[in-house]
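No lab work stands behind these numbers, since they all come straight from the coordinates. This one's a predicted model, so the numbers in the text were calculated from it and none came from an experiment. Quick reminder, even Gly has a Cβ in these numbers, built from the backbone with ideal geometry, and neighbours come from all protein chains shown.
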Amino acid sequence: MSQATGARFEFHNLTKVFGGLVAVNDVTVEAVAGGITGIIGSNGAGKSTVFNLISGFYKPDAGQVLLEGQDLTGRQPHEIAAAGVGRTFQNIRLFQGMSVLDNVRTALHRSLDYNVFHALLRLPKIRSEEKRAEEAALEALELVGMLEAKELTGSSLPYGLQRRLEIARALAMKPKILLLDEPAAGLNPGEVADLVNLIRSINAKLGLTILVIEHHMDLVASLCQKVFAMNFGQVIAGGTLAEVQNDPAVLEAYLGKGASHA
Amino acid sequence: MKRKRLIFVTLMLLVSMLFLTACGQTAGQGQGGAKSITIGELADLTGPTAVWGQAQDNELKILVDKWNAENQVKLNHKVYDYKANTQEAVSSFNKLADQEKVAVVFGTNNSNANLAFGPLAEAKKVPVLSHAIDPHSTTPAADKLNQYSFLTVASNIIQGKTMAAYTLDKLNLKKVGVLYDQGNSFATTMEQPFEEYFTGHGGTITAKEVFTSNDVDYSSQLTKIISTNPDAILLPNYYKQIALAAQQARKLGFKGVFLGHTGWPSQALLEMAGKDVEGSYFVNYGSFEDPQLQNLQKEYTDKYKKAPEINAAMIGESFAVFTDAVKKIGADKLAAMSLEQQRQALRDAFEKTRNVQGVMNNITIDPKTHRPETAKMAIITIKDAKFKFVETYQVK
Amino acid sequence: MFWQQVFNGLSAGGIYALIAVGFSLIYSIMRYINLAHGSLIMIGAYIGYAVVTATNFPLIPALLAAAAGTAIVSVIVERLAFRPIRVRGVSTLYILVSSMVVSILLQNLVMVIFGPSFRTLPQLVSDVPVVTHPINIARLDFYMMIVVVLSLVSLNFVLYRTKAGRAMRAVSFNPKAAALMGVNTDRVVSLAFALAGALAGIAGIFLGIKYSVYPQLGELILKGFVASVFGGLGSVAGAVVGGLALGVIEVFLIAYGSSSFSPVMIYALLVLILLLRPRGILGRIVEDKV
Ligand SMILES: Nc1ncnc2c1ncn2[C@@H]1O[C@H](COP(=O)(O)OP(=O)(O)OP(=O)(O)O)[C@@H](O)[C@H]1O
Ligand SMILES: [Mg+2]
C-alpha cells in the first residue's frame, strides 16, 4: 500500500471568477511531494474554491492542475478522483443514511470489476469482488481506527468520527494526493491532537502527498513543511510557517482585518 | 450557449405539443347559391369516441347531399369537431351559433356535451336536435324544460324500462346485481328506471355497486355482487368499463348473464372481452340486421366502403324530424326569414313533431318533455363473439 | 369473501407498488418528481402490445422486451429533458414542468402513432384459474404477483448488494461526495432511470393485459403516487408497503364500507396520514443538502 515517493502535485495560475468576484486569482502552488503542505488565509480568501477547482467541481477560468505532470484541468470530478485525487470537505459530506462500511465501500466503486450485467448473470463474480471491496474498506477503516464503528450509520456518529470517516473514505480510493479542507473544524483540543497524529501517521505510512487547509495554527505548525497564505483570492506569501507569519504582506493583511489567528 | 440551447429545446417541445394537439380543426362546406339554410353539426370526429362521431357526420353528409340534389333551397352544412370533450363542445357550439350563424344544431350522442351546451341553446335561442341518451338534456330538472333542446331517439328512461321488462318477461331472470359509474349520467339515468320497473314488476336487485370514471379495477365491487348470487349483472356503462367488468367478473367465477344498454354495441367490446360477454343481452336503438335499415346501410357502405355504426341511423332520426319541420314551414318561406325567425320557427315546428317516419321509429315528440316517450328498441345478444339481433321489443 | 377481498387488494396493491417503486426510486436519488413516469408505463404497455402482435412472443420475452424498451426510453427522456436542466443547477421546479411536458408529448406521440382507441393484448396467460376454492385466483394475477415480487427482490439486490446500487444510494445522499469517490453521477442517474423505466415497462404490460392499452393508461400513476406518499416518498421499501396498503385499504373500503364513498375516503385517509406523519409510513426525513 505504501508508495516509494510521494506524488508530485502542482497547480499554476489558477483563476476563478464568480460574477464580478475574483474568488481565486492567479494562484500557483507546488506541493511538497510526499510531505504536507498548508494553505492558510482568512474567511472567504478562496481556499476552498482552490480545492473545488482541483477536484473539478468548478471549471477554472484560467490555469492548470498537474498531478505527476499529468494535466487534470477541466476534467469531471469522478475522473479527477480516479486519477488519484482524494479529498474531504469543509462541511462534512457523508452518505448520511448509509453504514460506515458502505460509506467507505462506495469509494471502491471504480476498482470493482463488474457491472450491472454481471450483477444479473454472474453472481459468484460479484461475491468475490464485493469481498475484496469489504477487505479494502476495512483496511481503510483500520488506518483511521474506526473498525468497531463499521456497522453504525454515518449520521449517528459523533462529529469527530464523521471527520475521520471522511478521511477513511478518501483513503480507500488509494489516492496519490489527499486534500483536507479544515479537518480540525469543530473539534475539541483533544480531538485536534488525535487528528494531528492521524494525519502524520497516514503521511508516514503511505508516503502520501497531503494538502491541508486550516485555521488551527497549532496543527499547521506541527504538520506542514511548507505553507501558503491566501488573501482575497491571491497567494500573498509562501515558505515555512515562520517565514509566512513574518511576511509583511501577511502582517498587513491580518492587521488590516484586525483578526488574529494563532 | 447552454441557456440558449435549453430555451431552444423547450420551445421545440412546446411547438410540437401545439402542433400535435391543434390538428383536427374542421370547417363547414362552401357557400351555396342564393337561397340556403345553414345547419350546424357537432361531431366527435376525433377522440375516444371518434367512430361514432364519424359515422354520424358521414351519414349527415349523405342526407344533406341528397336534400341538396332534390331541392331548390340548399342546406349549407357546417361541422365542428368537439373531440368528445365537454369544454370543446361548448366553444364549438358558440362558434356555430355566433360565427356560422346556423339555424339549427344537430347535436351529438354525448350526453355530457348536450348537458353542457343545453343552457347556451336556451340563452341564444338556437334549437338543437340531439340523439343523446340522457333525459336531462331536455328536462334538466323535474319541473324544468329546455325550450330549445330536443331528443329524437329513445332516452335512457325508455332503455331502462325496456331492458327491465325484457329481462323479466323474455329472459325470465328475477335476480339482478348492478355495477355502474356513479359519476356518469349515461349510466345513472338508465339504472334508475331499470331498477324502478324491475322491482315494481317482481324482480329483485340483489346488490348495487358503483365506481368512478377513472377506475379500472372493479374486482372488489364484483366480489360483493357475486356473493349475492344474482342471475344477471346489469352493466349500463361505456364499452371499456363493460369489457373490464365482464373480464373481472368471469375471473371471479361469475357464470351468469350480463345486461346492458346502448353503451354496448362496439366492435372494441368484442375485441377486448369477446368470450366474457358471450350470452349477454342489451337494448339498442336499432340493428343493421333489421331489414328496415338495409337501405341506409347500403348507401353508406357504397359511399364510404365501410359498415356504418348505429349513430348513422340515429342522426337519420334527427334529420327526419328536421326535414318534416322544414316542409311544414315551407322551405322557401324559411330561407327568406331572418336568422332569429328561422330558429324560432324550427323550434316551434320540432315541438309539434307527430308520427314522423324516421329511419328506425315512428317519431312523436312529447311537447312536455321534448323527447319521444315510447319507442321500439332492438334487443341484441352476443353469440360466437358477434352481435346478434334477436327482435324488436316495445315496452307497454 | 374476506380472503377473496384480501387477494383482490394485494393484486391491485402489487401493481400500485410496482408503479410507486419506480417513481420513488427517481425521487430518492434525484429529489424531483418525474411526472413522466406514468407515460413511461403507458409506453411500456404499447411496446408490449407492438412486440406481442408482431412476434407472438409469450409472456416472459414480452416482459423482457417491454422492460428493455421502456428502460431505453426512460434514459433518453432523462438525457434530453432533465439533464440539461440538472447540470445548470436551477430549481427542480423546472424539471417538474419539463417532466409534465414530456408526459403530454409522449401521450400525443402514441396517439399519433397508434390512434386513440383501446387496444387489447393478445391473450398471453391462460384463463384457467390457479385455484377456485376457497378463493378464486386468476392465473394472470398469480403470475403478476410472482413477477412483482421478483422485480422488487431484484431491485433490492441491485440497490443493496452491488456497487451500482451503493453508488445510487451514495448519489441520493450526496452527489458531490459520490463524484469524489469516483462515481460517475451521470451514469448512475442513467442507471436509475433505466431501472425505473424497466419497472415501468413491467407494470405497463400487466396494466395493458388487465385494463387494455390506451394513451391515457399512464393516468394510473396517480394511484402509484398516492401509494408512494403513503409509504414515504423516496423510500423504496415504503413504496412497496404503501402500494400494498393502498390496494388492500381501497378494497376493504368498498367491501365493508360503501363503493360510493371509498374514493373520497381514500383521499381523506391520505390527507390524514400527511397531517399525522408527513414522511409516510417508512419515509426518511429529507435533509437539505449543504
Ligand atoms: N459557487 C459560488 N458562487 C459564487 N461565489 C462563490 C461560490 N463559491 C465561493 N464563492 C465566493 O468565493 C469566495 C471564496 O470562497 P471560499 O469558500 O473559497 O473561501 P475560503 O477561503 O474557503 O473561506 P472559509 O475559511 O470561510 O472556508 C467567497 O467570497 C465566496 O462567497
Ligand atoms: Mg473554505
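Below, the figures for the structure above:
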{"item": "Antiparallel content of DSSP bridges confined to chain B, in %, to 5", "result": "35 percent"}
{"item": "Sequence-separation-based contact order of the stretch B:109-232, relative, with Cα cut under 8 Å and 6+ spacing, percent", "result": "22 percent"}
{"item": "Chain B: angle of helix B:339-351 to the longest principal axis, Cα-based, in degrees nearest 10", "result": "30 degrees"}
{"item": "Potential lengthening between B:Lys305 and B:Met337 on full extension [0.36 nm per residue; Cα-Cα distance subtracted]", "result": "7.6 nm"}
{"item": "Helix axis angle, B:2-22 relative to chain B longest principal axis, alpha carbon, degrees", "result": "90 degrees"}
{"item": "Sum of -39500 (n - 2.57) over DSSP H runs of 4+, divided by residues of chain C (222 nm, nearest 500)", "result": "-24500 deg cm²/dmol"}
{"item": "Percent of beta bridges antiparallel (DSSP, chain A, rounded to nearest 5)", "result": "55 percent"}
{"item": "Paramagnetic label zone (point 7 Å from Cα along Cα-to-C-beta, B:Gln292; backbone N under 20 Å) in the stretch B:346-385", "result": "B:353-366, B:371-381"}
{"item": "Global form of the stretch C:181-290, assessed from the alpha-carbon gyration tensor, a/c cut-off 1.5", "result": "oblate"}
{"item": "Normalised contact order of chain B, rounded percent, pairs of Cα under 8 Å and 6 or more residues apart", "result": "16 percent"}
{"item": "Distance from the stretch A:130-172 to the stretch B:262-312 (C-alpha centre basis), Å", "result": "73 Å"}
{"item": "Cross-link pairs A:Lys150/A:Lys174; B:Lys224/C:Lys210; B:Lys298/B:Lys368; B:Lys298/B:Lys388 - those with Cα-Cα distance over 25 Å", "result": "B:Lys298/B:Lys368"}
{"item": "Residue-by-residue Karplus 3J(HN,Hα) for the stretch B:185-192, coefficients 6.51, -1.76, 1.60, Hz, glycine and proline x", "result": "5, 3, 8, 5, 6, 8, 5, 4"}
{"item": "Cα-based helix-to-principal-axis angle, C:185-211 vs chain C, degrees rounded to 10", "result": "10 degrees"}
{"item": "Euclidean distance of C-alpha centroids, the stretch C:116-146 and the stretch B:355-378, integer Å", "result": "45 Å"}
{"item": "Residues with amide H under 5 Å from that of A:Ile40, placed H, sequence gap 5 or more", "result": "A:Phe228, A:Ala229, A:Met230"}
{"item": "Fraction of beta bridges assigned by DSSP in the protein assembly as shown that are antiparallel (%, nearest 5)", "result": "45 percent"}
{"item": "Three-way shape label, chain B, alpha-carbon gyration tensor, a/c 1.5", "result": "oblate"}
{"item": "At least 27 Å along the helix axis (C-alpha) and Kyte average at least -1.0, DSSP helices within chain A", "result": "A:123-143"}
{"item": "By average C-beta atoms within 10 angstrom, highest first, the peptides B:210-219, A:32-41", "result": "A:32-41, B:210-219"}
{"item": "Shielding by other protein chains, A:74-84, mean Cβ within 10 Å", "result": "4"}
{"item": "C:Phe157-C:Leu222 FRET efficiency (beta carbon distance; Förster radius 25 Å; 0.05 resolution)", "result": "0.30"}
{"item": "Distance between modelled label sites at B:Asn355 and A:His12, nm, 7 Å Cα→Cβ extension", "result": "11.0 nm"}
{"item": "Highest-fluctuation residue, C:Val97, C:Val264, C:Val236 considered, GNM on chain C with Cα pairs under 10 Å", "result": "C:Val264"}
{"item": "Relative contact order (%) - criterion: Cα under 8 Å, at least six apart; region: chain C", "result": "38 percent"}
{"item": "For A:91-104, mean number of other protein chain Cβ atoms within 10 Å", "result": "4"}
{"item": "Sparse-neighbourhood loop sites, chymotrypsin sites (Phe, Trp or Tyr not before Pro) in the stretch C:239-270 - DSSP loop, at most 16 other Cβ within 10 angstrom", "result": "C:Phe261"}
{"item": "Extension gain from A:Ser156 to A:Ala204, taking 0.36 nm per residue of separation minus the Cα-Cα distance", "result": "14.2 nm"}
{"item": "Two-site FRET efficiency, A:Glu68 against A:Asn246, from Cβ-Cβ distance with R₀ of 35 Å, rounded to 0.05", "result": "0.60"}
{"item": "Listed residues A:Thr106, A:Thr88, A:Thr15, most fluctuating in chain A (Gaussian network, C-alpha, under 10 Å)", "result": "A:Thr106"}
{"item": "Inter-label distance, nm, simple model (7 Å from Cα along the C-beta direction), C:Ile72/A:Thr5", "result": "5.3 nm"}
{"item": "Estimated [θ] at 222 nm from DSSP helical runs (n ≥ 4, -39500 (n - 2.57)) normalised by residues in chain B, nearest 500", "result": "-14000 deg cm²/dmol"}
{"item": "Net charge of Cβ neighbours under 11 Å - reference C:Ala255; Lys, Arg +1; Asp, Glu -1", "result": "-1"}
{"item": "Candidates B:Asp143, B:Asp44, B:Asp276, ranked by Gaussian network fluctuation over chain B, Cα under 10 Å, top entry", "result": "B:Asp143"}
{"item": "Nitroxide proxy distance, nm - points 7 Å out along Cα→Cβ at B:Thr212 and A:Ala193", "result": "6.8 nm"}
